1. Within region 8-27, can one find any residue that is acidic (Asp, Glu) and outside any loop (DSSP other than H, G, I, E, B)?
2. Conditions: (1) assigned to a loop (DSSP other than H, G, I, E, B); (2) closer than 30 Å to Ala253 by Cβ. Gly63 meets all but one. Number of the miss?
3. Inside region 221-239, can you point out the residues that are more than 20 Å from Gln153 (Cα to Cα) and touching a Gly at 6+ places or on another chain (Cβ under 8 Å)?
4. For region 228-247, state whether one or more residues are aliphatic (A, V, I, L, M) and not in a strand (DSSP E or B).
5. Based on what the data block shows, is Ala261 in the same structural domain as Ala175 (by TED's automatic domain parsing) and surrounded by fewer than 23 Cβ atoms within 10 Å (Cβ to Cβ)?
6. What are the residues in region 267-294 that are free of Cβ contacts under 8 Å to residues at least 12 places away in the same chain and not hydrophobic (A, V, I, L, M, F, W, C), if any?
7. Of the residues Asn340, Asn321, which single one is under 30 Å from Tyr209 (Cα atoms), at pLDDT below 95 and either among the small types (Gly, Ala, Ser) or not assigned by TED's automatic domain parsing to the domain that holds Lys104 (or both)?
8. If Ala125 satisfies all but one of (1) free of Cβ contacts under 8 Å to residues at least 60 places away in the same chain; (2) over 30 Å from Leu181 (Cα atoms); (3) not hydroxyl-bearing (Ser, Thr, Tyr), what's the number of the condition it fails?
Amino acid sequence: MYNVGIIGIGSISEGYGRPDDPNAYCHTGGILHSAKVRLVSVADLDKTRRVRFRDKWADRFPGLAYHENAISLLDDGPPDIVAVCVRGPHHHSVMEQVISAGPKAIFLEKPPTCSLQEMDKMTAAANARNIPITVSYSRHWSPHVLRLQEMVQNGLIGTVEKVIGYVGGTFLSFASHTTDLICQFAGYCPESVVAQGYYREDEQIPDGYEGEPIINGALIKFANGVTGIHVGHDAEHGGFYCDVMGTEGRVRAGIYIPPFACGREKKPIDLAGQMPEEKSVFTVAYEQIADYLDGGPLPHCTNRDFMTVHELGFASIESINTGREVMLPAKNRTRKVFANG
């Protein structure tokens, strides 16, 4: 069993879940219901958050260590896995501290960085120490979405031709979940993107940053011939899902909707009995990390895969600003976006 420490104990760390919910949508709940990892320490600058965490979760994690900052947690002996759940603009500085401490793996909340230059430096430092970085595009790990991904890869609907994903919001902090979902079914091999979006007039932007635009839509060309379309709006079944079009049928996949597939004649494919039991996406993610540490494959959304999604986000922002198709990798590595997710 691998020890986990969480830096930053806000909503995605613990606030969105409850101790009695086995499918809790938060890091702490996912860890609680896993037999492969255990939570040993948390850190937050805000005493109110530490007290709230203790009141809510302490009886489930006896002996848990509470720290006032990341340095204190890491100096106590770095856990095997460190989860970095602070706000996006603080990721780079905290990640420098975490990588220097040398854990076995890092689970980083999205958006991973506020610039591609920060991402390049962060990944180079982690690679030098052989530390994998997994980024929490959390809806990726829905068990039935993972199963549909496997079935599509095994030929359920023939050769994938188009993937259409739905959700609006800011490119890096929110819509990136659907960017990753599109890549999950199209492949992590985008070549170019043309995007449309807009900036919020009332956004408060600190010095040194640009604002983070909201997506209207994006057209992504993949090296394998797949076309990706990101619709910057919820659709018939809400958001955070995609339609996958193949030569022999279609699949609809998303964390909040039932799995669906049909053949070329539009006849539904019976998926009964082929879907796994639901569990917290964070349980699934942490167990993939644990399996990797036991000698298994890299977790999903790790290293090259999360870098590809992040590149797409910044290339899309470049496309909005220039009105042109942007090839990947993006050339502008220094653009610094206030991605405060």
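1. yes
2. (2)
3. Result: His230, Val231, Gly232, His233, Asp234, His237, Gly238, Gly239.
4. Taking every residue of region 228-247 in turn, none turns out to be aliphatic (A, V, I, L, M) and not in a strand (DSSP E or B).
5. Yes.
6. Initial filter on region 267-294 (free of Cβ contacts under 8 Å to residues at least 12 places away in the same chain): 267-268, 270, 272-273, 294.
The answer is Lys267, Pro268, Asp270, Gly273, Asp294.
7. Of Asn340, Asn321, the one residue that is under 30 Å from Tyr209 (Cα atoms), at pLDDT below 95 and either among the small types (Gly, Ala, Ser) or not assigned by TED's automatic domain parsing to the domain that holds Lys104 (or both) is Asn340.
8. (2)
The values are calculated or read from the model by the stated rules, or taken from the named source; none is laboratory data. Remember, it's a predicted structure, so these values are computed and weren't measured experimentally. No Cβ is skipped: glycine too gets one built from the backbone with ideal geometry, and neighbour counts run over all protein chains shown.
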